[in-house]
Amino acid sequence: MAYDRNNIFAQILNGKIPCSKIAENDNAFAFYDINPQAAQHALVIPKGEYVSLTEFCAQASAQEMADWLHLIGEVAAELGVAESGYRLLINSGADARQEVPHLHAHIVGGEDLGVMLRRDKK
Ligand code: AMP
């Protein structure tokens, strides 16, 4: 899929849309999810133009991958969930119901998150 430079997260990265920033490094940026699904819910995105995890795995440099993963660890600590536990969730593509076409990892935690997958599809 071609990258849409007007997607919401691209506009957060270029400052056109405000966000509640947590942290950033050279290749990744983290902010709070606008519609939290748990007591703590952050999003960590690469700054590069990657639609999905599939594209990122195929095309990102080792430095981009390292910076994204490092920021995920940093944000988990910042949210105070590193010790209590958290879930890293990446919706990639249609079957996962990815809504925003810019790769993002959800970090959710701060409470017991229950079973990994609910089977009652809505
Ligand atoms: P996904 O279904 O994995 O694509 O998740 C998209 C996520 O982006 C949802 O959890 C939304 O609540 C979140 N989201 C959408 N717009 C914004 C925004 N402007 N700021 C922060 N989070 C957002």
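What follows is calculated from the coordinates using simple rules that are stated; it is not laboratory data. It should be emphasised that the depicted structure is a prediction, and the values quoted were computed from it without experimental measurement. Counting neighbours? That spans all protein chains shown, and the Cβs are built from the backbone with ideal geometry, glycine included.
How compact is the chain by the rule of thumb for globular proteins, expressed as Cα Rg over 2.2 N^0.38 Å?
Working it through for the chain, the quotient is 1.03.
Test of understanding: what is the full-extension gain from Ala58 to Glu111, defined as 0.36 nm times their sequence separation minus their Cα-Cα distance?
15.7 nm
Once you list every other residue whose beta carbon is under 14 Å from the beta carbon of Phe56, what net charge do they have if Lys and Arg are +1 and Asp and Glu are -1?
Around Phe56, the charge tally is -3.
Treating only the Cβ atoms of Lys and Arg (+1) and Asp and Glu (-1) as charged, compute the dipole magnitude of the chain about its Cα centre; round to the nearest 20 debye.
Dipole magnitude for the chain comes out near 440 debye.
Given Asn25, Ala38, Gln98, which one lies farthest toward the positive end of the charge dipole of the chain, if we put +1 on the Cβ of every Lys and Arg and -1 on the Cβ of every Asp and Glu?
Positive-end residue among those listed: Gln98.
Tell me the mean residue ellipticity at 222 nm calculated for the chain from its helices only (DSSP H runs of n ≥ 4, each -39500 (n - 2.57), averaged over every residue, nearest 500).
So the calculated ellipticity at 222 nm is -7500 deg cm²/dmol.
At q = 0.21 Å⁻¹, what is the base-10 log of I(q)/I(0) for the range 28-92 according to the Debye formula with one equal point scatterer per Cα and no solvent? Please give it to two decimals.
Reported log10 I(q)/I(0), two decimals: -0.91.
Per-residue counts of other Cβ atoms within 10 Å, averaged by peptide: what ranking do you get for 47-60, 108-121, highest first?
Ranking the peptides 47-60, 108-121 by packing returns 47-60, 108-121.
Of the options Val108, Ala66, Ala77, report the single residue whose Cα projects farthest towards the positive end of the charge dipole of the range 29-122 (beta-carbon charges: Lys, Arg +1; Asp, Glu -1).
So the residue we want is Val108.
Using amide H atoms built in the peptide plane, which far-off residues or other-chain residues are under 5 Å from Ala28 H to H?
Amide H neighbours of Ala28: Lys47.
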